[in-house]
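As structure tokens, the structure follows; a few thoughts come after it.
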């Protein structure tokens, strides 16, 4: 593709939630601090919400990767004005991650048992399943660990399964809960939690954070960061004017920024250019349905087919020149 052309080792704007590309903008860092402080304080339920494409899954993976790091050193996580202190002897965690919690109560318990490595016999009923999970959580506490589960896309969870989670968090020692739960979800999760039948769970959410997109003054650093991680050795491929246009059309939503930036790099590469221009951003945006379109003049809005055709023609031209 364009890796060699721009001197990159890997694609800088892939949609895969790779923690090596994690960028600690203000919202991400505040959310990560909230998660770490709440988890290490032993809170039962923690809730993180954010619009589609704002990076909840990446944040979740970064949180899980950070949780057991540097347990025996005193550190400050975050920038100087947002730093969150971490205890010198932070607890050790046994963690579980469920990416698709659209599960009935029994399936959810089975998924948790698998994540926490609970040995189960074939056709184990729900009673024995709960006993096995309880035993595993107690063993975890006796070993000086804490059990924590992260559920992604939690807005899709059936109400009955949310109630099962609440009942699991009733398990406790004299000092603390045996299981901590972190819910990651779209704003619809807030609507779901307003249901009368799970009002007890709603009352147990002690920490919450609403994840926002990238601010205008953070987007240039975000682009530079991802390019540097991908191996780019230069200053930047996006000028200040291009960055401003990119923020206007994406609203700072990381997923849209990545999609449009990737397409813009493809267009620049197809023309043999070393910098992304405003025209490349404009044409890439015209082929991306979810971007803001109020700034796009109707006369320059290309269809997806037209963009693909322009890329194809340019690619054919470069390939032909390479054969000469």
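The values are calculated or read from the model by the stated rules, or taken from the named source; none is laboratory data. Small disclaimer: the values here were computed from a predicted structure and weren't measured. Cβ sites come from the backbone with ideal geometry, for glycine too, and all protein chains shown count toward neighbours.
Considering each residue of the range 40-51, count those that are at pLDDT below 95 and more than 11 Å from residue 206 (Cβ to Cβ), and give that number. The number of residues fulfilling the criteria is 1. When the helices (runs of 4 or more DSSP H) confined to the range 1-74 are screened for residues that are in contact with a strand residue (DSSP E or B) (Cβ under 9 Å, 6 or more places away or on another chain), those reaching at least 1 such residues are found at 26-40, 56-67. Do the conditions hold for residue 274, that is, is it surrounded by fewer than 16 Cβ atoms within 10 Å (Cβ to Cβ), part of a helix (DSSP H, G or I) and touching a residue at least 12 places away in the same chain (Cβ under 8 Å)? So residue 274 fails the test.
When residues of the range 216-231 are filtered for being outside any helix (DSSP H, G or I) and buried (at least 19 other Cβ atoms within 10 Å of the Cβ), how many remain? Don't jump to the end; show me each part of the working.
Step one: of the range 216-231, the residues outside any helix (DSSP H, G or I) are 230-231.
The next check asks that each one be buried (at least 19 other Cβ atoms within 10 Å of the Cβ); those that pass are 230.
Within the range 216-231, residues that are outside any helix (DSSP H, G or I) and buried (at least 19 other Cβ atoms within 10 Å of the Cβ) number 1.
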